[in-house]
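Note sheet for the following structure.
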Amino acid sequence: MMNGQQRHSKSAVCVALLGVTALLLVSENVRAESSVPGNFDNQGAKIFAAQQDTPQVYLDADSGGRTLTDFYSLRQYPGSPPRIPHEVDTSFSGNETNCLSCHRRGGYSSEFDAYAPVTPHPENTLCYQCHASVQSETLFVETGWKSIQPPRLGQSFLSSSPPPVPHSLQLRENCIACHTGPGAVAEIRVSHAARGDCRQCHATVVQSTPISEFERK
Amino acid sequence: MRLDRRQFIKQSAISSALATAGALFPGISFGDWSRLAQNNSVISWQKSPCRFCGTGCGVLVGVSDGRAVAVKGDPNCSVNKGLCCMKGYHSVQALYGKDRLTKALIRRDGAMVEVPIQEALDLVAQKLQETRDAYGKDSVAMYGSGQWTIPDGYVASKLFKGCLGTNNVEANARLCMSSAVTGFMTSFGLDEPMGCYEDIDHANVFITWGNNMAEMHPVLFSRMLAQRKRRTNVKIIDFATRYSRTSQAADKSIIFRPQTDLAVANAICYEIIKNDWVNWNFVNEHVSFHKGKTNIGYGTEDHFAFTDKAESIDFEDFKTFLEDYTPEKVEKISGVPARDIKYMAALYGDPSVKVTSFWCMGMNQHTRGTWINNLVYNIHLLVGKISMPGNSPFSLTGQPSACGTVREVGTLTHKLPHGVVMNEHDREMAAQIWEVPVENIDPKPSYHTVEMFRALDRGDIKFIWIQVTNPMVTMPNLKRYRDGALKEDRFVVVSDVYPTPTTDIADVILPAAMWVEQEGMYGNSERRTQHFTQIVDPPGEAMSDTWQIIEVARRLGFEKQFSWDQSDYIEKIWEEYRRFHAGPKHEMAPYSVLAERSGVQWPFVDGKETRWRYNPRYDPACSNGKDFDFYGKKDNRAWIWARPYEPAAEFPDSEYNFWLNTGRVIEHWHTGSMTRRVPVLHNAVPSSYVEIHPEDAAELGVVNGEKVKIISRRGEITMPAQINGRGVPVRGMVFVPFFDESYLINEVTLDAFCPISKQPDYKKCAVRLEKA
């Protein structure tokens, strides 16, 4: 268990993050009054809101602390929910919003000496529904599981053109969450998030879908 | 059992089937373009405007081994400052579709056969001459494009208006911005915006009037978003009939019933006057009040004619006129809550807030398109928010040279490069520069676009030459015009780069050079002329549209007027054309300057571009000694117009109970003949669909992807439903992107148009739906 000092710093982080969370909730309430439907165009409103709400310093910050190797080591196939790579204080079970105290907006955690990755779908508060914790490292039976390779990076159609979004946007609608800030995976971090309209340049062409060419009928 | 984090990662790395995934592509990251650009061969970069929309982004085309291989945003271009959208970044791929037209084709016994292009040009000239001899000068027509380069449109006008003596010259820009032109002409007496894109860097409030900028003008939209991020006092208000990507990004989205923007604009003026937010100094010095005819019709019948008549009124008359448009009354018409109308009025009325209004097809493709343009100018004029950085009513265009080629060169039936055919002085000027007898130029306009295709159907026009456009996808009420074009003794010439539904009906297909395969100029939405050199060779026998016209003109005996040499014809044409615009109100930059820079704004006077017109601090044409000079009108004032709300030409009733709205998506440009041949864009949106509100879809019993039949009084079409996709129409409306030639939505639309601008309304007709 944590010693007193660690606990102290953890609660300090939590207090700081809760302050930010409260602000975010206020701004979300304003948007809740909007007549614009929330669920269309792959919930693109999330990108615009994140671009507007995330401080510029955070959009620009980079820690290099997470790599694609870390990223895929927690997943069973490209797009699977990652397992939880850190211990979860059992006293928190049943109160899942505590995940969001760090993973809603990210930020530095002294407990883990790392920047928390930001979830692209904070509205799904039942985190444990998909994200499994790890209680044992042994397998019940060895598995023959194999999956496809993850999307290759930098697969631009032209040498100078922006790469398309290679993955489905379902549950990963908010580009800003995973592709900016110090918690982002180093290889997929972008440095120009302030432009705000990611899909202006990055078309969605899912790599696992066959490429077809236009032919007149 | 407890793992520390590092142990855990190590453990799972070993057990994961994807353990090596991250290591497969070490060091590759987003944004690392310089690394990706290291090909075996050297790339050279040359400037050009983008091929697609009217924003006019500067691009740098990368060339290697004679092929265009890459695109960068041009950092020297003030339009986009190095950024593009997905279409721009992949634009060069549109040159290399496998079915590129490289040989001329002529119809023999019903089948298209390849011939040398010179033989095809002989046939074009011969048929044109024969038709003219047999049926008169107005039996031949040229239908061009806002994608024509400036020299393309110039030689077309010179040949048809100057030499052949017919005003049968039209361009597809009639379908996209003629209401903007008539709006400018009636309000200011001169065409094109007073402001420039730099307004975005100064405005506090952006109001988009029926304008999904996030998809249609994305580079300007992201510039707005960056400004909102950088400055804390910036708001975006989306005023629309359908929820779009722009609605998602906006601070507030206000939905109005189709056509009722007219009423809302008047209600905003009512509120401004009621609350005394009028800028009296400005209004007293610089504004005069007018009214025109009402109940002006919709042009759905052949030979429809309308001429407006302006009458002077005073401020009190205007105030009285607005009494029908209180926010409460307009709430009933428009469905916009009175408080939202008051909110918009307060933004326009607040003297501490700089407001830029943006619009494009929503206001222009409108049976009262001229009026709604006037009405938005009214708002800006009442509060004096115009011709200053950040205070700007801004009419955007959709094509790269709708402004440059169609509006400035004047490739519309009533226009000349300077002025109009009806004006004797303008005809004399044209005759002098063109070296033709002044009697050649007919003082009477002939057919605007819709009427031109009606004339083709009727047989009044027998020969039509179509360049750089695809009317067999884009004409409203399409079936009539396709059937008409296919009639027995009609002769259709089509110059294009790919086979399209329009080349399908052609008797001669001329392969055209595309974009940077030729030298040329475009003109964008902010009065910016943009030159590009020939960067790569056209394929096969493909020839620039300009040169095709020159070849035919010479065959018709006009060697003197078309005597240019192929080595420098673009420069020579530009310098001839530039004479039409001499003077501080429209001076164009010389060729040598255009060749140097990434676009130059006109008026270009004494080596300086004019960023804000009518304001003496920026505009050297101002001469009245006051703080503004609206020199376009004889009374030196901008005109406020009393224009009422009148209903759409067709609206939902018990039989046809849905609105049909049509438009675009970010991936595809117009009819998709270019963008569908760009793999990334085609793969992102491979086919069209009909957007339906989720509750309407549920009532109809369709789920995403199921087929829906859309039926109007003109025709029907069956296509897949899209629910909660790119956009969400309100209940009782459906929306269809028109890029897909497999789903010709224009067989369903109505060919009603604005009686003043003659621009059709693609945003409103009545349909009913059936589950297919």
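Please compute the modelled spin-label separation between B:Lys560 and B:Gln534, points set 7 Å along Cα→Cβ, answer in nm with one decimal.
2.9 nm
Using r as the Cβ-Cβ distance of B:Lys707 and B:Gln118, and R0 as 56 Å, what FRET efficiency do you calculate, to the nearest 0.05?
Here the calculated transfer efficiency is 0.70.
Within a 10 angstrom radius of each residue's Cβ in A:42-50, how many Cβ atoms of other chains show up on average? Whole number is fine.
If you average over the peptide's residues, the count of other-chain Cβ atoms is 4.
With each label point set 7 Å from Cα along the Cα-Cβ vector, what nm distance links B:Asp635 and A:Val57?
5.8 nm
Take every DSSP beta bridge with both residues inside chain B and express the antiparallel ones as a percent of the total, to the nearest 5.
50 percent
Residue-wise, which Karplus ³J(HN,Hα) couplings in Hz belong to segment A:193-199, taking 6.51 cos²θ - 1.76 cosθ + 1.60, θ = phi - 60°, and x for glycine or proline?
Values per residue, Gly and Pro as x: 5, 5, 5, x, 10, 3, 7 Hz.
So how many Å³ per residue does the convex hull of the Cα atoms of segment B:222-374 work out to?
147 Å³
Give the order of B:Thr307, B:Thr131, B:Thr449 when sorted by the count of other beta carbons within 10 angstrom, beginning with the fewest.
Lowest to highest Cβ neighbour count: B:Thr307, B:Thr131, B:Thr449.
Restricting attention to segment B:271-346, which GluC sites (Glu not before Pro) occupy a DSSP loop and are surrounded by at most 16 other Cβ atoms within 10 Å?
Answer in residue order: B:Glu301.
What ranking do B:215-224, B:90-99 get when scored by the average of other Cβ atoms within 10 Å per residue, highest first?
Put in order of decreasing packing, that is B:215-224, B:90-99.
Given R₀ = 45 Å, FRET efficiency for B:Thr320-B:Glu439 by Cβ-Cβ distance, to 0.05?
0.40
So in the protein assembly as shown, what percent of DSSP beta bridges are antiparallel if you round to the nearest 5?
Percent antiparallel among DSSP bridges in the protein assembly as shown is about 50.
Quote the FRET efficiency, to the nearest 0.05, computed for B:Lys81 versus A:Ser34 with a Förster distance R0 of 35 Å and r equal to the Cβ-Cβ distance.
0.70
Only Cα pairs under 8 Å and at least 6 apart count here; give the relative contact order of chain B as a rounded whole percent.
That works out to 20 percent.
Mind ordering B:594-607, B:535-548 by average Cβ neighbours within 10 Å, highest first?
B:535-548, B:594-607
Going by average Cβ neighbours within 10 Å, how do the peptides A:59-72, B:692-705 rank, with the highest at the top?
The most tightly packed comes first, giving A:59-72, B:692-705.
Roughly how many Å is it from the Cα centre of segment B:533-576 to that of segment B:149-180, as a whole number?
About 17 Å separates the Cα centre of segment B:533-576 from the one of segment B:149-180.
Just how far, in whole angstrom, is segment A:107-130 from segment B:489-526 if you go by their alpha carbon centroids?
Segment B:489-526 and segment A:107-130 have Cα centres spaced 55 Å from each other.
Compute the Kirkwood hydrodynamic radius of segment B:460-597, taking the inverse of the mean of 1/r over all pairs of distinct Cα atoms, and give it in Å to one decimal.
After inverting the pairwise mean of 1/r, the radius is 17.2 Å.
For peptide A:190-198, what's the mean number of Cβ atoms from other chains within 10 Å of each residue's Cβ?
Whole-number average of other-chain Cβ neighbours for A:190-198 is 6.
First obtain the Kirkwood hydrodynamic radius of segment B:527-619 from its Cα pairs, then insert it into the Stokes-Einstein equation at 25 °C and 0.890 mPa s, and state the resulting D in µm² per second as a whole number.
161 µm²/s
Between beta-carbons, use under 11 Å as the cut-off and find the net charge around B:Ala721, counting Lys and Arg +1, Asp and Glu -1.
0
Across peptide B:685-698, how many C-beta atoms of other chains are within 10 Å of each residue C-beta, on average?
1
Could you check the spin-label model distance between B:Thr300 and B:Asn284? Points 7 Å from the Cα along Cα→Cβ, value in nm.
Taking the simple label geometry, B:Thr300 and B:Asn284 are separated by 4.9 nm.
Is it possible to state the helix-based mean residue ellipticity at 222 nm for chain B, with each DSSP H run of 4+ residues giving -39500 (n - 2.57), the sum divided by total residues, to the nearest 500 deg cm²/dmol? What is it?
Calculated from helices alone, the mean residue ellipticity at 222 nm is -8000 deg cm²/dmol.
For segment B:72-212, what is the largest minus smallest coordinate of the Cα atoms on each principal axis, given in angstrom and ordered from greatest to least?
Principal extents (largest minus smallest coordinate, Cα): 62, 43, 28 Å.
Every read-out reported here was derived from the displayed coordinates using simple, explicitly stated rules and does not represent laboratory data. The structure presented is a predicted model; accordingly, all values stated were derived computationally and were not measured. Note that we place each Cβ from the backbone using ideal geometry, even for glycine, and neighbour counts take in every protein chain shown.
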